[in-house]
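All remarks here apply to the structure that follows.
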Amino acid sequence: MNSLIMNWSSDAMYSGELTAHASVSQRKMTDLVKHSEEELLNTPLMFLDTAGSLMYEAIDEDSENDSKYNNGECDLVVQVLKELISYGVQKSDIGVITPYNAQVNLIKKSVRHSPELYTQTSLEGQNKIANIEISTVDGFQGREKEVIVISMVRSNPKHEIGFLSNERRMNVAVTRAKRLCILIGDSGTVNKNAFLKGLVDYFREKGGVIRSAFDY
């Protein structure tokens, strides 16, 4: 993966012992698509902050374990995916990761209702059509994509973060990205956790693209 993605993981989880191979350490999306002038394609890091937008989480009361979802973040994920596709990024090169099954289901439903993002096909030919993959952290473990979009979901006045407190899972999510990692979350909530604050601060300090939900 790009060294800026890897370096956060190296410092946060492995005492700085990881090193990106020279053949991949500088890889960016501009190596794959022609829109070299686009800011988002020229950096391996982007943080989309929902703080102040009142995009609060909700509970899926039909789930067995009160799984969480976030409608506002789902809408932002769809907008970011459309932006990537408009630049020529291939659907098969994009993965969306979120820690909650309810959010996985919500994003899948939204993507399937977006003609730009989802290609319908018959059962017979489904293996020939590559669409954007959307799954939980565990579903992506051991695999990778050129672009990973992470929906953190948690946004609440009590600053509760639930599954996000699992540092190993967050490390897995970020390091699925080879060229571009896009993190979507509420800094006002997640920054109450030192590990997650370190992640958000890293994106800011290393020159990542920083956007607000209000930009969309």
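Going down the list LYS28/LYS108; LYS91/LYS178; LYS158/LYS197; LYS68/LYS145; LYS108/LYS197, which pairs span over 20 Å between their C-alpha atoms? If you can, show how the numbers build up before the last one.
Details: LYS28/LYS108 26 Å; LYS91/LYS178 15 Å; LYS158/LYS197 16 Å; LYS68/LYS145 25 Å; LYS108/LYS197 28 Å.
Beyond 20 Å between Cα atoms: LYS28/LYS108; LYS68/LYS145; LYS108/LYS197.
Mind checking which of PHE47, PHE163, PHE140 has the largest fluctuation in a GNM of the chain, springs on alpha carbons under 10 Å?
PHE163
Rule-of-thumb check for region 4-63: C-alpha Rg over 2.2 N^0.38 Å? Don't skip to the answer; put the middle values down first.
On the way: Rg = 17.4 Å, N = 60, 2.2 N^0.38 = 10.4 Å.
Dividing the Cα radius of gyration by 2.2 N^0.38 Å gives 1.67.
Would you please give the residues with an amide H less than 5 Å from that of ASN191, counting only those at least 5 places away or on a separate chain, with H modeled from the backbone geometry?
Here nothing satisfies the definition.
Set Lys and Arg Cβ to +1 and Asp and Glu Cβ to -1, take the dipole of the chain about its Cα centre, and tell me which of TYR100, ILE5, VAL190 lies farthest positive.
Checked the options; the winner is ILE5.
5 Å is the cut-off here: which amide hydrogens, built 1.01 Å from N in the peptide plane, fall below it relative to ASP60, excluding neighbours closer than 5 in sequence?
The answer is SER67, LYS68, TYR69.
Tell me which residues come under 5 Å, amide H to amide H, from SER212 once H is placed; ignore anything under 5 positions away on its chain.
Hits under the 5 Å cutoff: ASP49.
Report the dimensions of region 131-174 along its three principal axes from the alpha-carbon atoms, largest first, rounded to Å.
Over region 131-174, Cα extents along the principal axes are 35, 21, 14 Å.
Each label point is 7 Å from the Cα along the Cα-to-Cβ direction; what then is the distance between the points at GLU39 and LYS197, in nm?
2.6
Over the chain, what number does the Rg to Rh ratio reach, with both radii from the alpha-carbon atoms and Rh per Kirkwood?
On the way: Rg = 16.6 Å, Rh = 17.5 Å.
So for the chain, dividing Rg by the Kirkwood Rh gives 0.95.
7 Å from Cα along Cα→Cβ at both ASP66 and HIS159: what's the point-to-point distance in nm?
2.0
What is the sum of charges around PHE163, taking Lys and Arg as +1, Asp and Glu as -1, for the other residues whose C-beta is under 13 Å from the C-beta of PHE163?
Numbers: positive: LYS68, ARG154, ARG168, ARG169; negative: GLU57, ASP66, ASP138, GLU160, GLU167.
Summing Lys and Arg as +1 and Asp and Glu as -1 gives -1.
Taking other Cβ within 10 Å of each residue's Cβ, how do ILE161, ILE59, ILE132 sort, fewest first?
On the way: ILE161 23, ILE59 12, ILE132 26.
By the 10 Å Cβ count, ascending, the order reads ILE59, ILE161, ILE132.
Who wins for biggest fluctuation among SER36, SER23, SER86 in a Gaussian network model of the chain, springs between alpha carbons below 10 Å?
For the chain, modelled as a Gaussian network with Cα springs under 10 Å, the answer is SER23.
Modelling each spin label as a point 7 Å along the Cα-to-Cβ direction, I'd like the ILE59/GLU116 distance in nm, to one decimal.
Rounded to a tenth, the inter-label distance reads 3.6 nm.
Just so you know, all these numbers are worked out from the coordinates, no wet-lab data involved. Note that the structure is predicted; figures quoted are calculated from it, not measured. Cβ sites come from the backbone with ideal geometry, for glycine too, and all protein chains shown count toward neighbours.
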